[in-house]
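> The structure is given below, and queries will be raised subsequently.
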Amino acid sequence: MTTEPFQLSDHDRALLPSDDDVQFYQEHGWYLSKKLLTDDEVDTLVEASERFYAGHRDRTLPVRPPRLAYWEPEKGDVHRHNDYIFYEDDTIRSILSKPLIGAVAARIAETSQIRLWNSTLIYKPPRPEDEGNIVPWHFDRHYWQTCTSDEMLTAFIPFHDCDEEMGTITMVDGSHRWKEIGGNDATTKHFAERDRSELDEMLEENAAFNNETVRKVPVVIPKGHISFHHCRTYHGSGLNRSDRPRRAISFHLQDRTNQWRPFEISTGERVVYNNDVLVRKDANGNPDYQDPDFCPVLWQEQA
């Protein structure tokens, strides 16, 4: 690797998506990368996550946002989600700051800059009897309504080979191009706050509205590879039927154009995303989604 920020070595450039890969992402709404992380880097992520679960923090959030997902030991052996892992753990931050990850995201999203939006450490225990481990069908744009961009994306980064048995991420192929029937107040809520049957029904209704069939594609992800998906791509994941936990990070990313906008539900109440209470304010007193502490630049094309 070079030591200059936002530059790639010849080895890294060979790992960037091809023109065909970019076209695939634009048509299908998801993309499986080449091997972007070394085995040592992935193993370090596992070690850092175990230290985190045991109580280690390099820093903690200055305030607790209203919808923070944050597993703590007293919650037991359940499906764990810990938001803002990039902020709280320096080891994880250093690995996920690898310019190659942002460069891949920028290329498929066709943007010149990638900034962090949020990051969530995930642990899905091997408990096939627990339907709480199922992630229902949803797309991320629904609960990013305070964002102006429709081109944001997520990198799903497992810490091991990840297949259907482990409950890997599954995409609804091409769903990012569907027109939506229409949202309601509930669509601004995270999937964990909603009924799974309601979300299943929403997927089927939107597919029918677009005269489309629901084509579910489980993404089999080898260790060190990363799955990317568009913010409007329906996705979910099943039970972990293996004999070991499924460990991963959901790495949510902004393109260059994204900024804050006001968004109201039917009651007139403004939607507040967790970032809104953490990031600095811009010149107009609104949340600044370019805050370097919480939304740092991860990739920037050189002039």
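> Hand me the tally of lysine pairs in the chain: alpha carbons under 21 angstrom apart, and the pair either on different chains or 8 or more positions apart.
Total qualifying Lys-Lys pairs in the chain comes to 10.
> Using bins 5 angstrom wide from zero, how does P(r) for region 216-281 break down, in % of all Cα pairs?
Distribution as computed: 3, 9, 16, 19, 15, 13, 12, 9, 4, 1 percent.
> Follow-up question, since we're still on this one. When the Karplus curve 6.51 cos²θ - 1.76 cosθ + 1.60 is applied with θ = phi - 60°, which whole-Hz ³J(HN,Hα) does each residue of region 22-28 get, with x for Gly and Pro?
Listing the rounded values in order: 4, 4, 4, 4, 5, 8, 9 Hz.
> Just to confirm, what accessible area per residue do you get for the chain at 1.4 Å probe, in whole Å²?
Value for the chain: 44 Å² per residue.
> Now, a different point. Do me a favour and compute the ellipsoid semi-axes for region 6-112 from its Cα gyration tensor, root of five times each eigenvalue, largest one first, whole Å.
31, 17, 14
> Something else: Would you mind checking which residues have amide H under 5 Å from residue 117's amide H? H placed 1.01 Å from N; only 5 or more apart, or other chain.
Long-range HN contacts for residue 117: 252, 253, 254.
> How large a share of the accessible area of the chain, in percent, is made up of carbon and sulfur atoms when the probe is 1.4 Å and the other protein chains stay in place?
47
> Go ahead and run the numbers for FRET between residue 210 and residue 277, Cβ-Cβ distance against an R0 of 45 Å, rounding to 0.05. Working shown, then result.
Working: r = 36 Å, r/R0 = 0.80.
In this case the efficiency is close to 0.80.
> Decide, for region 102-261, between rounded, prolate and oblate: order the square roots of the alpha carbon gyration tensor eigenvalues as a ≥ b ≥ c, take rounded if a/c falls under 1.5, and otherwise choose prolate if a/b is larger than b/c, else oblate. Could you put the intermediate results ahead of the total?
Numbers: a/c = 1.64, a/b = 1.13, b/c = 1.45.
Because a/c hits 1.5 or more and a/b fails to exceed b/c, region 102-261 counts as oblate.
> A further question on this structure: Is the chain best put as rounded, prolate or oblate by its Cα gyration tensor, with a ≥ b ≥ c the root eigenvalues, rounded for a/c under 1.5, and otherwise prolate when a/b is larger than b/c, oblate when not? Can you show the working numbers first?
On the way: a/c = 1.14, a/b = 1.08, b/c = 1.05.
Because its axes are fairly even, with a/c under 1.5, the chain counts as rounded.
> For residue 68 and residue 10, what does the FRET efficiency come to when R0 = 45 Å and r is the distance between their Cβ atoms, rounded to the nearest 0.05?
0.60
> Go through region 73-79 residue by residue and turn each phi into a ³J(HN,Hα) via Karplus (6.51, -1.76, 1.60, θ = phi - 60°); whole Hz please, and just put x for glycine and proline.
Those phi angles translate into x, 5, 7, x, 8, 10, 5 Hz.
The values are calculated or read from the model by the stated rules, or taken from the named source; none is laboratory data. All figures in this text were calculated on a predicted structure; none of them were measured in a lab. Positions of Cβ are generated from backbone atoms using ideal geometry, with glycine treated the same way; all protein chains shown enter the neighbour counts. What goes into the accessible areas is simple: the full protein's heavy atoms, side chains included, and nothing from ligands, DNA or RNA. Shrake-Rupley method; radii C 1.70, N 1.55, O 1.52, S 1.80 Å.
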